[in-house]
Each structure stands twice: as structure tokens, then as C-alpha cells.
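Visitor: Below is a structure I'd like to ask you about.
Please treat every number below as a calculation from the coordinates, not as lab data. What you are looking at is a predicted structure, and each value in this text was computed from that prediction instead of being measured. Here the Cβ positions follow ideal geometry from the backbone for every residue, glycine too, while neighbour counts run over all protein chains shown.
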Amino acid sequence: MLRKRPDPPTYPTITELLKNCAAGRGEQTLFVEERPGGCRVTYDQWSRDLLETAEKIQQLEAQHIGLVCDLTYSCILCMYSVLVAGKVLVLLEADLEAEALEKYIRKADVDLVLYHEERVDGAISCCDSLQIPEFLSRPATGNMSWPTWEDDREACIVFTSGTEGETRAVMLTQRNLSLTNSY
């Protein structure tokens, strides 16, 4: 007889999910970048890095923060830090041409783009932009604690594939992201 797998715990926000995923796991490995210069990151280190980076993000005036990057630890850290900081994350594809990239930036009212891709450098003229390594090198006090957000707070804008014509921007809330990341 097949046993039903228990449902994973659910959290009202992505921030609560991130906070609780590290609880009790301490020095267990969470991330391993298997590339030259890659890193090994524990749950404890992830929590510290996440809160420190979220503090840096909160210090920015920007509310809609675009992210163009690869799947490195620093990019993933920035992605989740924007959500923890309570800003709106706008995911932008790294392989977009400059013209299309600017179109999406305008459509989502992006104030600042964080990027890792060298080819993006200088290609964005419609808003401020920062390279991720430069941004991460900024100082933080390290005094940020886990914030509490409303579950219906705007959290992320993603773009549809545009199967019926023009690509559309779709807003996801803290709760939407919590539910999709719980499984």
C-alpha cells in the first residue's frame, strides 16, 4: 500500500519560509558551487548572508529591483534578499538583447538593475544599475533581523512567455512565492 507523503509545512510569506528553512540545520551544507572559485555555504552562513544583503537592499531607494544574472551563489543571494528586504524583485533574462531588456525594465517600473553578466555593463540606460560584486562589497551593520511582511505584499514580477502575443508582466505576492517554494 502506498503511503501518502506528508504535506510540507506552509508559511504565510516567502520571508517566513526562508527564515524557517534554516532553523536547526546549522552547519549542514545548503549550497555548493562546483566551478572554479565556487563556494560551499551552510544554512547558518546563508541566514547571515541573506540578512546582511537584505539590509543593504533596504538601504537602497529603489523599490522595484531588476536582477540579471546566472545561477551563482551571489545571484541567488541577491534574489532572495530583495524579497526579504520587502522590495519588488523583477527577474530579467540574462540572454535578452539590450533593447528587449530595457523594454521589460520600463514595463515593470524598475528603479535599479543588479547584474552579473558582463555584457549588460553599459547596456542599460533607462535606470540605475550596479554589478553584483560591487553591490555585495558595500558595508552593512549586520543588525537586521527577520522582518514580517503581509502575505499579500507585492514581491516579484515575472514575465509570461507571450504565447498569445506580447509578453505580460505578472505580479506575485509574498504568499504566492511561499506556496510555490514549499513543494
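Visitor: Counting only trypsin sites (Lys or Arg not before Pro) that sit in a DSSP loop (anything but H, G, I, E, B) with at most 14 other Cβ atoms within 10 Å, what is the longest stretch of the chain containing none of them?
Guide: Longest stretch, sites excluded: 26-167.
Visitor: What is the packing order of peptides 131-144, 26-39, taking the mean over residues of other C-beta atoms within 10 Å and listing the highest first?
Guide: Peptide ranking by packing, descending: 131-144, 26-39.
Visitor: In addition: Over 5 Å intervals from 0, what percent of Cα-Cα pairs in the range 141-183 sits in each interval?
Guide: Histogramming the range 141-183 at 5 Å steps yields 5, 19, 17, 18, 16, 13, 6, 3, 2, 1 percent.
Visitor: Run the count for the chain, please: Lys pairs, Cα-Cα under 26 angstrom, 8 or more apart or on different chains.
Guide: Taking the Cα cut-off of 26 Å, the pair count is 6.
Visitor: Residue-wise, which Karplus ³J(HN,Hα) couplings in Hz belong to the range 52-61, taking 6.51 cos²θ - 1.76 cosθ + 1.60, θ = phi - 60°, and x for glycine or proline?
Guide: Running phi through 6.51 cos²θ - 1.76 cosθ + 1.60 with θ = phi - 60° gives 5, 6, 4, 4, 4, 5, 4, 6, 6, 6 Hz.
Visitor: Still on this model: Rounded, prolate or oblate: which one fits the range 103-178, using the alpha carbon gyration tensor with axes a ≥ b ≥ c (rounded when a/c is under 1.5, else prolate when a/b beats b/c, else oblate)?
Guide: Taking the square roots of the gyration eigenvalues as a ≥ b ≥ c, the range 103-178 is oblate.
Visitor: Moving on to the next point. Calculate how steeply helix 98-107 sits against the longest principal axis of the alpha-carbon atoms of the chain, using the helix alpha-carbon long axis, and give the answer as 0 to 90 degrees to the nearest 10.
Guide: That helix lies at roughly 70 degrees to the long axis.
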